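S.K.: Sending over a structure as C-alpha cells; questions will come in a sec.
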Amino acid sequence: MNTSSEPGNTTPPRRSVFSRMTLVAFVAGAALAGGIAAVAASGMGGFHHGMMGDPHSAADVSTHVDHVLKHLYVEIDATDAQKAQITPLVQQAVNDLLPMHTQLQAAHTQAIEALTQDTVDRTALEAARVAHLQLADQASKRLTQLLADVDEVLTPAQRAALAAHLKQMHVKT
C-alpha cells in the first residue's frame, strides 16, 4: 500500500487517522461540552440549540441545563419530588464534565499541531489519540452513571416516555 512517505507517491496522505481522530474529537467534544449531561438525561438534543459551538461559561451551561431540564420534566411528567432528585444529579454531572472540555481542547490542539508539521510526528499524534480516548472514556462513564442515577428516579412509564422521545429525536436529526 502506498503512503505519502514513499518515494514518488504524489497522492495526498490517507486521512483515516485524521478521520478517526476527528470522529473521536467530535464524540468526546459533544460529551464534554457541559450541557451533554442534561441532554443525555433528557434526550432534548440540546446541542442543536446552540451549545455545540465556542466555549461557554459555567453560567451559560447552567442556564442551558435548566432550560433542557424544564423540557424534560414536561416530557416525562416528572413530579416535584423527582425534579428535586434529578436536578442535583444533572448539575453534579455537568460540574464533573466541564473540566474535561478544556482537556479535550488541549488534546485537539495537540493533534492539529501534529498533523500540520512538515513531517508527521507520530508520537504526538498517538499522544493526542490516547488523550482523546481517555477523555471520551471518562465522559462516557460519568454519563452512564448519570443515566443510571436518573433512571432510578423515574417510573417505568416515564422511562418509556423518555425512550420514545429519544427515538423521535433521532428520527428528526
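Any read-out appearing in this document is the output of simple, stated calculations on the displayed coordinates, not a laboratory observation. Because the structure is a prediction, the values reported are computed rather than measured. Positions of Cβ are backbone-derived with ideal geometry, glycine not excepted, and every protein chain shown enters the neighbour counts.
S.K.: List every residue pair whose Cβ atoms lie under 7 Å apart, where the two residues are 6 or more positions apart in sequence or sit on different chains, the first residue falls within region 118-137 and is touching a residue at least 40 places away in the same chain (Cβ under 8 Å) and closer than 11 Å to Ala107 by Cβ, and the second residue, located anywhere, is in a helix (DSSP H, G or I) and among the polar types (S, T, N, Q).
M.R.: Between residues of region 118-137 that are touching a residue at least 40 places away in the same chain (Cβ under 8 Å) and closer than 11 Å to Ala107 by Cβ and residues that are in a helix (DSSP H, G or I) and among the polar types (S, T, N, Q), the close pairs are Ala128/Gln110; Leu135/Gln103.
S.K.: Also: If the Cβ limit is 7 Å and pairs must be 6+ apart or interchain, which residue in region 86-98 that is in contact (Cβ under 8 Å) with a residue 24 or more places away in the chain and farther than 16 Å from His71 by Cβ pairs with which residue that is buried (at least 16 other Cβ atoms within 10 Å of the Cβ) and among the acidic types (Asp, Glu)?
M.R.: Taking only residues 6 or more apart or on different chains, the pairs are Leu89/Asp149.
S.K.: Output the residues belonging to region 62-97 that are under 21 Å from the mean Cα position of the chain (by Cα) and among the small types (Gly, Ala, Ser).
M.R.: Hits for region 62-97 are Ser62, Ala93.
S.K.: Related question: Residue under question is Val68, and the condition is that it be more than 21 Å from Arg159 (Cα to Cα) and touching a residue at least 24 places away in the same chain (Cβ under 8 Å); does it hold?
M.R.: Here the answer is no, as Val68 does not meet what is asked.
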